[in-house]
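To start, the structure under review is shown below, and the notes come after it.
All of the numbers you see were taken from the coordinates with simple rules; none came from a lab. Source: prediction; values computed, not measured. Don't worry about glycine lacking a Cβ; one is built from the backbone with ideal geometry, like all the others, and counts go over all protein chains shown.
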Amino acid sequence: MKVFADTAYFIAILNPLDQLAQSAVAARQQLGDASLATTDEVLAEFLNTICEAGPSVRVRAYEMVLKVLSSPKIRVVEQSHDSFSRGLQVYARRRDKDDSLTDCISMSTMRQLRVREILIHDHHFRQEGFTVLL
């Protein structure tokens, strides 16, 4: 089984005071040996989101991303022109929503990988038929 990990999940794992931290830890424990998938875009969004949190948080976030990139249990789908274009198509189709381009790329990647569950707390993914685990 493979589960997609989104920005909110990584933020919650990094910051134990985050409102989703307990939910993220519990969800990961319930998933057991399930492998994770994410994208370069999600990791970039994660680092961009916490960039002003101070030097110690930046170092922890950097180290976390290095662990994600080297983990055999996490597939990181590389950013490409193709992934950007597929995400842009989702973005255009959902113009009445306020999804970020990164979310649209995640939705497209999840479909490509045939992943239905996502570690996120976002109704936009539910609207697209995915199972939200946070």
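Tabulated data for the structure shown
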item	result
Pair list, Cβ under 6 Å, 6 or more apart: region 11-37 residue within 19 Å of V115 (Cβ to Cβ), other residue surrounded by 12 or more Cβ atoms within 10 Å (Cβ to Cβ) and of a type in the set (K, R)	S35/K2; A37/K2; A37/R75
Residue satisfying all of: in region 14-42; in contact with a helix residue (DSSP H, G or I) (Cβ under 6 Å, 6 or more places away or on another chain) and closer than 16 Å to K73 by Cα; surrounded by the fewest Cβ atoms within 10 Å (Cβ to Cβ) among these	A37
Residue match in region 75-89 (condition: in contact (Cβ under 8 Å) with a residue 60 or more places away in the chain, buried (at least 18 other Cβ atoms within 10 Å of the Cβ), closer than 24 Å to Q112 by Cα and hydrophobic (A, V, I, L, M, F, W, C))	no
Subset of region 100-134 [part of a loop (DSSP other than H, G, I, E, B) and either under 20 Å from L20 (Cβ atoms) or touching a strand residue (DSSP E or B) at 6+ places or on another chain (Cβ under 6 Å) (or both)]	S100, V115, R116, I120, H121, D122, E128, F130, L133, L134
Only listed residue being touching a strand residue (DSSP E or B) at 6+ places or on another chain (Cβ under 6 Å) and within 18 Å of M107 (Cα to Cα), chosen from A34, A5	A5
